[in-house]
1. When you go through (1) within 14 Å of the ligand (Cβ to nearest atom); (2) within 20 Å of residue 494 (Cα to Cα) one by one for residue 447, which number turns out not to apply?
2. Hey, does the range 422-438 have a residue that's more than 14 Å from the ligand (Cβ to nearest atom) and either outside the structural domain of residue 514 (by TED's automatic domain parsing) or acidic (Asp, Glu) (or both)?
3. Somewhere in the range 458-468, is a residue within 15 Å of the ligand (Cβ to nearest atom) and either of a type in the set (D, E, K, R) or buried (at least 18 other Cβ atoms within 10 Å of the Cβ) (or both)?
4. Among residues belonging to the range 413-431 that are among the small types (Gly, Ala, Ser) and in a loop (DSSP other than H, G, I, E, B), point out the one that is surrounded by the fewest Cβ atoms within 10 Å (Cβ to Cβ).
5. Only one of these is of a type outside the set (S, T, N, Q) and either at pLDDT 75 or above or in a helix (DSSP H, G or I) (or both): 397, 363. Name it.
6. Consider the range 471-519. How many of its residues are within 15 Å of the ligand (Cβ to nearest atom) and in a loop (DSSP other than H, G, I, E, B)?
7. Can you spot a residue in the range 137-152 that is touching a residue at least 60 places away in the same chain (Cβ under 8 Å) and farther than 30 Å from residue 75 by Cα?
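The values are calculated or read from the model by the stated rules, or taken from the named source; none is laboratory data. Keep in mind that what you see is a predicted model, and the values were worked out from it rather than measured. When we count neighbours, we look across all protein chains shown, and the Cβ atoms used for this are built from the backbone with ideal geometry, even at glycine.
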Amino acid sequence: MKRVVSLLCLNYAASVYAAGGEGSRPRGVGPEFAKFYKDAVTFSCITNPSVNIPIGRVNDDYCDCPDGSDEPGTSACAHVSPLSPHTPVDQSHARHNISLALPGFYCKNKGHVPTYVPFTSVNDGICDYELCCDGSEEWDHVGGVKCEDRCQQIGKEFRKLDEARQKSLGNAGRKRKELVAEAGRLRKEVEDRLMTLGTEIEGSELKVKQLEGELAEVERREKGKVVRSAVQKVGKMGALVGLAKQRTQELRETLERVRQERDSSRSRLEELESVLSTFKEEYNPNFNDEGGPEPDAAHDRDLNAITQSDKENGIDWEEYEGEEDSDTDVLYAFENYLPVSLRGWVDQKLRDLRVTLIDSGILADTGSSSGESKAVADAQQRLNSARNDLDNSRKSLTEHKEGLDKDFGPDDIFRALKGQCISTDSGEYTYEFCFMDKTTQKPKKGGGHTNMGNFVRVERMTVDEDLPPNGKGLGTCERIAMKHENGQHCWNGPNRATTVILGCAEEGEIWKIMEEEKCVYRMEVGTPAVCEALGQAVPKKADGRDEL
Ligand code: MAN
């Protein structure tokens, strides 16, 4: 018999098997089955109570009961299929399919832990000390074999090892508690964030609504503005200044022209005077030339001053030209004469009227043709940014909700380990497992990493295999497994996938990696996260002495 049950499961088994108490019972019967063998006359097969035999035929090395229960101390019924390790022992009588009613031959193992060996091992000439340290299963000394009782020695070693193991399990249990607390804290964090996100979203929705209203109002106001011509664009004051400047320039030019005409008339007059003067001298020697009109120097200075540029005269038209007096200024100036309570109303009515006129085509809408105004652009920008904030908050809300609904295993525990990675070398690769994330294969020689699958779900799975002597294994139990799928595509094969099966350990560590089929991997991982899961309580007593 080579199979060794998982130490955790073994502890479970030991406590159940020891529960029945000692008493006189046939060879090979465990205390919890003693009640079936109490009748001094008749024995009823455990799972087939209609089959009755005289008590003397119990352990007569002949198999009478279909469930083998009449041969608890021999191998006569060893051919009957064994009891499933997953069926609780005390419910075996309720089973209808024919298999053994008993888990095996009961070894008392005084000084160590009592256990059952399979019936095939009874009187087979081999001492099965791994399970039956008292050698009681070889009671018939077949072929002269004699199995001495080694329970004192084996029990002592076991207790020493078990003490260390219990200590380790105790630590693991404490670590698990810490992980559960951390997971709870993280969950609370998500719940709190969800609450604030809810409030933020409500606020953002209101803000968006308000900014939508503001944008509509700004657009309406812009639309309602008086249509402006080029002159109106610069305002009425500006327009007036423009006209004054233009008129002054015209006058200056006219004056200049008149002055030139005067000067030319004057020189022609001088010419005529000289002709006349010559004529007079020759014709009337007494002619007294009193001279023509002298140019008025002061007058000319004035003209010079007037025809200078306006700047030289100290007038800077530009100072006034850009000045803008908006239509609303004019409007407000008008409203200033109204009682305050009426002002807003009149303003609104005027704007409404303008909008109605524009909408009905009576007035031209020049607002959009001249490009969006800054006020509209600003309002639009404020609205866009509020809408963005709202979108982001909503996205975040969905993500957090999904995070809260996700299966993080019993007690939400893997929430605390999410993203934490452990790795180990095996063959030409270093393998890495990151909780709730992915598994990776990294060539030791360097080169690209291979994704062996992305986390998809947590599953329960039953494993049934030998437990290695170092205890770093799964044994026979229901386990928590993590499925990883859709990793890097395998040449001529599927996308890589990994099943990670978890066992209880004080520290997170990868125990074993197998490629079960091409690009389908199985990792066995120890972690404190599963130490108390699935009802596998960490046993409190180290040596099991109470049970003997
Ligand atoms: C790589 C590794 C192996 C895998 C082969 C398949 O070498 O990922 O695990 O079997 O590719 O081609």
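1. Failed condition: (2).
2. Yes: one or more hits.
3. In the first step, residues of the range 458-468 are kept if they are within 15 Å of the ligand (Cβ to nearest atom); the result is none.
No, every residue in the range 458-468 fails to be within 15 Å of the ligand (Cβ to nearest atom) and either of a type in the set (D, E, K, R) or buried (at least 18 other Cβ atoms within 10 Å of the Cβ) (or both).
4. Of everything passing the filter in the range 413-431, 419 is surrounded by the fewest Cβ atoms within 10 Å (Cβ to Cβ).
5. Being of a type outside the set (S, T, N, Q) and either at pLDDT 75 or above or in a helix (DSSP H, G or I) (or both) holds for just one of 397, 363, which is 397.
6. So the count comes out to 11.
7. The answer is no; no qualifying residue exists.
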